[in-house]
1. I'd like the full set of residues that are modelled with pLDDT under 95 and within 20 Å of B:Gly155 (Cβ to Cβ), limited to region B:246-262.
2. Is region B:432-442 home to any residue that is closer than 26 Å to A:Gln80 by Cα, among the β-branched types (Val, Ile, Thr) and under 17 Å from the mean Cα position of the chain (by Cα)?
3. Filter region A:131-143 down to residues that are under 30 Å from A:Phe73 (Cα atoms) and either of a type in the set (Asp, Glu) or within 10 Å of another protein chain (Cβ to nearest Cβ) (or both) and give me whichever is nearest to the chain's Cα centre (by Cα).
4. Report, by residue number, each residue of region B:399-429 that is part of a strand (DSSP E or B) and either within 17 Å of B:Asn388 (Cβ to Cβ) or over 22 Å from the mean Cα position of the chain (by Cα) (or both).
5. Checking B:Glu318 against (1) under 30 Å from B:Val349 (Cβ atoms); (2) in contact with a strand residue (DSSP E or B) (Cβ under 9 Å, 6 or more places away or on another chain); (3) modelled with pLDDT of 90 or more; (4) surrounded by fewer than 20 Cβ atoms within 10 Å (Cβ to Cβ): exactly one of these is not met. Which one?
6. Can you find a residue that is within 14 Å of chain A (Cβ to nearest Cβ) and either acidic (Asp, Glu) or in a strand (DSSP E or B) (or both) anywhere in region B:346-358?
7. Across region B:430-442, what is the total count of residues that are in a strand (DSSP E or B) and surrounded by fewer than 19 Cβ atoms within 10 Å (Cβ to Cβ)?
8. Considering region B:164-177 alone, what residues qualify as being modelled with pLDDT of 65 or more, closer than 26 Å to B:Phe440 by Cα and part of a loop (DSSP other than H, G, I, E, B)?
Amino acid sequence: MKTRIAALLLMVGLCTQAVGTTPEARLHASDVIRNPGQSFTMTSTITEYIDGQAGEPLVVQIFARPDEPAGQFQSLVRFQLPRRDQGKIMLRRGQDLWFYDPAGRASIRISPQQRLLGQASNGDVVTANLAGDYRIESMHAETILDGHRQTRQTQKLVLHGITAAVPYPRVEYWLDDSSNQPLKAHFYAASGQMLKIAYFRNVQFVMGAERPTETLIIDVVDPRKITRMAYRDHRLMELPQPWFQRGFLPRFNEVMP
Amino acid sequence: MKSASCSCIVLSLVAAAAGGNEISSLPDHFFEFDQPEREHHSPGPSRLRIHAEAVFHLPEYRTSALPSPSDRPDWLAGAAAGVHVQKRLTDQQSLRADVQGVLYTTAERGDLRPTDWRVDVRELAWTRQSASHDARWQRLLDIGRLTQPKTLGLGFAPADHFRTARVNPAHSIDVGESRLGVVGVRKHWLWNRAESSVLISPKLTALDGSLWQDSDGWGLGLAQTNDRLRTQWVISFKASDRWTAQTLLLWDDGDWELGNTLSLVVTPAILLHAESNVAQRHSLWDVAMSADTMPDWGLQAAWGASITLGLSTSLTMEHHYNAFGLDHAQWQQWQAAQNSPAAAQANRVLQLARQRDEPGSMHRLLARWHWQEAGHPDLDLTALGLLNPLDGSAMVQPGLTWHVQPDLSLTMHHTRWLGGDESEFGKSFRVSNTELRLQFHI
């Protein structure tokens, strides 16, 4: 449970209409769509369905800040529900991950893969800056059903991870042909087995742009499980660099009540 | 009905994936969410946390241990309630308090013994921060009872200089988190990739006869936290995303200690951690045997790895080294002393090791396995093992946690101490102990 949520960062959508036509330009455009380019906060409700039955929701508040040289986002994920986890915080800076429990005022370092336990893996589905971590193998046009079961013209990109740190070595990624808005993705293990299917849905105008505010994730390994992540209370805000330090975790709930 | 239909539907998912039409296989209720997510009544600000818990211990005793049957209660029970408050006074100032009340009792042959209680003020501090949100550095000043962050070691944390500030109720029932902060002043600086802090903790004595003397239920435990003047300087830095390091320098009433911690991501699934501390002190054996020796410099260390296995389990293994613990020859001496008049004196080794929160043996091994969501979203399984490789004795502790409700958890641990009567863990006065813990979060 402690590592359930992890890197659920930057699930934010469309913020540009600048459409590139090369594969690289499209992938970069979709990253810009998913990452607003400045610090922000939002609240995420994660509900896991097993055999169609909804479990208890997990509610977290996410604080994200661009890490300029690395090109990725640093994030603080604070648990709000369930109450037994209230006030717990996860810090992520690349492969540097810490989990803070206010009960013992202790911060524990966890491995990048440990964040993938439980529902955390679903977080990673929607967080990565793909252009920085993946090489494009191919791109071609394809017609699919989107997350609302509407027919869409897309460009399908096949991506391969270029660093060992990526949780999914191969990704198939469908972008809207006209806007490069992310619509759907398939995530694969190193063995070639498909692990997850993600749909990006419910586009709304938030943080100054049109962005998807929901992700639906189907667990292919255990197909009884479907996870729905919904995002609300989006807000751009200043987040100082020193807050993304392990030593600041015990203080974060004081400065950001 | 819904469940059955969903099961059928998902069977076709993988086949449908090839055609890009998996979404058509999903049940209709996933498409009823085209409106924004309904609000969940999340508590929002984390300024106030209240928790309550009850603990029940059922021990089984070693027949050869303990001189008096009165030291062998049939069972032990405790209850605790705690409140953690954080209050922002101004943009730059805040207060925090962490207070816990504990009530515990025991029963001997069915008769309840008098109930005892205490209140622990674990943290009570005022903080002032002096940087604006857009600053690239932050400076903070804390005054009051302060908790220093723990270091990396799971079973032994030698660089955690304040680890002994622990309050354990009678009969070692550990009800809730019982570590006390030290009273002092701390200055803390934070930058993007580094941080530093200086803590000054003066010697303080509770006045005899006052409400807050340590023997009173309201006692502040100053004898544990502020029995001498201490100053600690800590600097932490990130060499890269993979490496983090920390140095801790302690001035302890005239004595110096130097601690270091290091952690490294080797692969996405493997995390290494190590910590060490160099200090000048008497060995456990010398103190227990009242040997007339000078304190000597020695190294204490803990190093290990956390490995994530598959997608739901993790394994942590550690080796502990304590230069002040007993080596093989001293364990043989200790065993030989068990049947002599010096037995009680020799057994102080184990008591001292507990007080100093360090291994009694020069070498110790630890393994901890954790299976999260073990076949059910609300079930976690754990197993902990400690081994003294010098005498072959061990402690094993399987456990499970069942999240009965989002706010209610039930934990059960069964601990067994293994080894002969003349071994470190076999010397425990209990053969086994079963613990049930019910935790409620308000």
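1. none
2. No, every residue in region B:432-442 fails to be closer than 26 Å to A:Gln80 by Cα, among the β-branched types (Val, Ile, Thr) and under 17 Å from the mean Cα position of the chain (by Cα).
3. Taking the candidates together, the pick is A:Asp133.
4. B:Val404, B:Gln405, B:Thr415, B:Arg416, B:Trp417, B:Leu418
5. The one condition B:Glu318 does not meet is (4).
6. no
7. The initial filter retains those residues of region B:430-442 that are in a strand (DSSP E or B), namely B:430-441.
From the residues that got through so far, the ones that are surrounded by fewer than 19 Cβ atoms within 10 Å (Cβ to Cβ) too are B:430-432, B:434, B:436, B:438, B:440.
Final tally of qualifying residues: 7.
8. B:Ala165
The values are calculated or read from the model by the stated rules, or taken from the named source; none is laboratory data. Here the structure is a predicted model, which means the values were calculated and not measured. Virtual Cβ from ideal backbone geometry, glycine too; neighbours counted across all protein chains shown.
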